[in-house]
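So the structure is just underneath, and the comments pick up after that.
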Amino acid sequence: MLRPPQPRPLAGKRVLITAGPTHEAIDPVRYIANRSSGKQGFAIAAAARAAGADVVLVTGPVELHDPPGVSVMRVESARDMLHRVEAALPADVAIFAAAVADWRVATEGTQKLKKTAAGMPPLQLVENPDILATISKLKDKRPPLVIGFAAETEHLIENAKAKFARKGCDWIVANDVSPATGVMGGDRNTVHLLARDGKEVTVDSWPVMTKEEVAAALVSRIARTVGA
Ligand code: CTP
Ligand code: CA
């Protein structure tokens, strides 16, 4: 039986997505990480592909299969992720769903750190590059639509608005990642889409949905904005 043709509103558009956590090595056997599963970013990649886009997904270490038809680049650290994202430009849309580790150790041990009688190793942290802010502030290669996420455990909208003002992106998807929500690692997500209407910030609160449904809703809003 012939299936009716699917609408492909993002055909011909290149969509770049980051997903998952990053791992920041402390020494050859230890790292700093977080609880991100990558599910939301992978779901967005699959939805963008289904809408006809050419999709590049730059992901940190996750236990997920490559979405069919998506060009997947697997990286470890925030700095690797930034380099891969820069190399993947230009893009029509960039969506930064990764939970990038904010800090790494200043000097990665070349050998496994050992317990000693002298006490604990002093781990000095330095801040990682902010990939979303870096790409949002590009002059020539800035994608026309740049979307960030705001992962918050309290004061969700207030914190997301402050982040929105800081990052220089076009939209922010705010989500509550406090443990009670089960968002980190779980299959559902409750999000609020922050955008700008002139000088005003608009907040569109979506009902609880699966991560696939959030992805589909986000992609259809993207398609309305940049699609053919
Ligand atoms: N982000 C990024 N690079 C970083 C940190 C964050 O690209 N080094 C992106 C995330 O992918 C997300 C957005 O910035 O799209 C917000 O990430 P979040 O962790 O919520 O905000 P931070 O600015 O890191 O602030 P904080 O963790 O202190 O809330
Ligand atoms: Ca952060």
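Distance from the C-alpha centroid of the stretch 166-191 to that of the stretch 37-60: 16 Å, rounded to the whole angstrom. Shape verdict for the stretch 45-97, please, from the Cα gyration tensor: rounded (a/c under 1.5), prolate (a/b greater than b/c) or oblate. Verdict is oblate for the stretch 45-97.
Within the chain, the selection of entire DSSP H helices by a Cα span of 18 Å or greater along the long axis and an average Kyte-Doolittle value of at least -1.0 returns 211-226. Projected label points at ASP80 and THR110, each 7 Å from Cα along the beta carbon direction, are separated by 2.1 nanometres.
Between ARG166 and GLU63, what is the FRET efficiency for a Förster distance of 30 Å, r being their Cβ-Cβ separation, to the nearest 0.05?
0.40
Please find, in a Gaussian network model of the chain (springs between Cα atoms separated by less than 10 Å), the residue of GLY20, GLY69, GLY119 whose mean-square fluctuation is greatest. So, out of GLY20, GLY69, GLY119, the one fluctuating most is GLY119. Each Cα pair under 8 Å and six or more residues apart adds its sequence gap; the mean of these over the residue count of the stretch 2-112 is a relative contact order of 39 percent. Using only side-chain charges placed at the Cβ, +1 for Lys and Arg and -1 for Asp and Glu, the dipole size of the chain relative to its Cα centre rounds to 360 debye.
Of the trypsin sites (Lys or Arg not before Pro) found in the stretch 183-228, the ones in coil according to DSSP and having at most 13 other Cβ atoms within 10 Å of their Cβ are LYS199.
Taking 8 Å as the Cα distance limit and 6 or more residues as the minimum spacing, I'd like the relative contact order of the chain as a percentage. Relative contact order, the chain: 21 percent. Put a dot 7 Å past the Cα of TRP103, heading toward its Cβ, do the same for THR181, and the two dots end up 2.3 nm apart. Here the sum of -39500 (n - 2.57) over DSSP H runs of 4 or more residues, divided by the residues of the chain, equals -7500 deg cm²/dmol at 222 nm, to the nearest 500. All other residues whose Cβ lies under 11 angstrom from that of ALA50 are scored, Lys and Arg at +1 and Asp and Glu at -1, for a net of +1.
For the chain, with a Gaussian network of springs between Cα atoms less than 10 Å apart, report the residue from VAL75, VAL183, VAL105 with the top mean-square fluctuation. Of the options given, VAL105 has the highest mean-square fluctuation. Report the label-to-label distance for ASN159 and MET209 in nanometres (one decimal), using points 7 Å from each Cα along the Cα→Cβ vector. With each label point 7 Å from Cα toward Cβ, the separation is 2.3 nm. Of the residues SER136, SER205, SER77, the one that moves most in a GNM of the chain with alpha-carbon contacts below 10 Å is SER205.
Is the shape of the stretch 112-161 best called rounded, prolate or oblate, per the rule: a/c under 1.5 gives rounded, else a/b larger than b/c gives prolate, else oblate, with a ≥ b ≥ c the square roots of the Cα gyration tensor eigenvalues? Please report the intermediate quantities before stating the final value.
Values: a/c = 4.85, a/b = 1.93, b/c = 2.51.
Cα axes put the stretch 112-161 in the oblate bin.
Label the stretch 1-142 by shape, choosing from rounded, prolate and oblate, from the square roots a ≥ b ≥ c of the eigenvalues of the Cα gyration tensor; if a/c is under 1.5 it is rounded, and otherwise prolate applies when a/b is larger than b/c, oblate when it is not. Since a/c reaches 1.5 and a/b is larger than b/c, the shape of the stretch 1-142 is classed as prolate.
Each reported figure results from applying straightforward, stated rules to the coordinates on display, with no laboratory input. Because the structure is predicted, anything quoted here is derived from the model rather than measured. A quick note on method: Cβ atoms are made from the backbone with ideal geometry, for glycine too, and the neighbour counts reach across all protein chains shown.
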